[in-house]
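Take a look at the structure below.
The values are calculated or read from the model by the stated rules, or taken from the named source; none is laboratory data. No experiment lies behind these values; they were computed from the predicted model shown. Backbone-built Cβ (ideal geometry, glycine too); neighbour counts: all protein chains shown. Side chains included, ligands, DNA and RNA excluded: accessible areas come from the protein's heavy atoms. Shrake-Rupley method; radii C 1.70, N 1.55, O 1.52, S 1.80 Å.
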Amino acid sequence: MLWLKSFHIIFVTSWFAGLFYLPRIFVNHAMVLETQSGDSVASTQLKLMERKLYRFMLPLAILALGSGIWLWRGYGFTGGWIHAKLTLVALLIAYHFYCGKLVKDFHLNQNTHGHIWYRWFNELPVLVLTAVVILVVVKPF
Ligand code: HEM
């Protein structure tokens, strides 16, 4: 089980690298669009980065979730903490796919949010990660 848990933590960390970095690119992209008119070289470059990073995040999400479910079902973990964790993980999955919608919006020059909105949007994974790690390590209930 320790090998599986080790890879679970590695996959989760790698997925979070994308969940943290992609919204940060959105912040910069929104700032570029607010200061430069039209489809600038910088905006084209940021669109490419967004698409490549998002494509990279999906297999990592599948490995993180798959290894978690294997741990949960394979080793009979029970308790309120795992249900609270799964609720937060469902929020993370929704956040992941909403990022995909935002990548498409930027690609089609249909972004509607400003850089301040993206700064707040960028904080959500931090809050979820904090709560999930406390739940799974401390198991408070
Ligand atoms: C379907 C989704 C997931 C399931 C079913 C799941 C389930 C589990 C289980 C059963 C363990 C072992 C707990 C133990 O050994 O005490 C574990 C460990 C862990 N999980 Fe997940 N997990 C999932 C997703 C995630 C996500 C998204 C994160 C990060 C936000 C995460 C972070 C961790 C951490 C840090 C550990 C190691 C805890 C320790 O060593 O005590 N997991 N997970």
Notebook entry, point to check: Take the residues of region 29-55 that are open to solvent by 50 Å² or more (accessible area, probe 1.4 Å) and touching a His at 6+ places or on another chain (Cβ under 8 Å): which is farthest from ILE69 (Cα to Cα)?
Noted result: GLU34
Next item on the list: Considering only residues that are of a type in the set (A, V, I, L, M) and over 17 Å from PHE97 (Cα atoms), look in region 56-84 and name the one that is most open to solvent (accessible area, probe 1.4 Å).
Entry: ILE69
Notebook entry, point to check: Does region 15-28 hold any residues that are closer than 16 Å to LEU92 by Cα and either open to solvent by 40 Å² or more (accessible area, probe 1.4 Å) or modelled with pLDDT under 95 (or both), and which are they?
Noted result: ALA17, PHE20, TYR21
Notebook entry, point to check: All but one of (1) open to solvent by less than 40 Å² (accessible area, probe 1.4 Å); (2) closer than 14 Å to ILE25 by Cα; (3) under 19 Å from the mean Cα position of the chain (by Cα) hold for TRP117; which doesn't?
Noted result: (1)
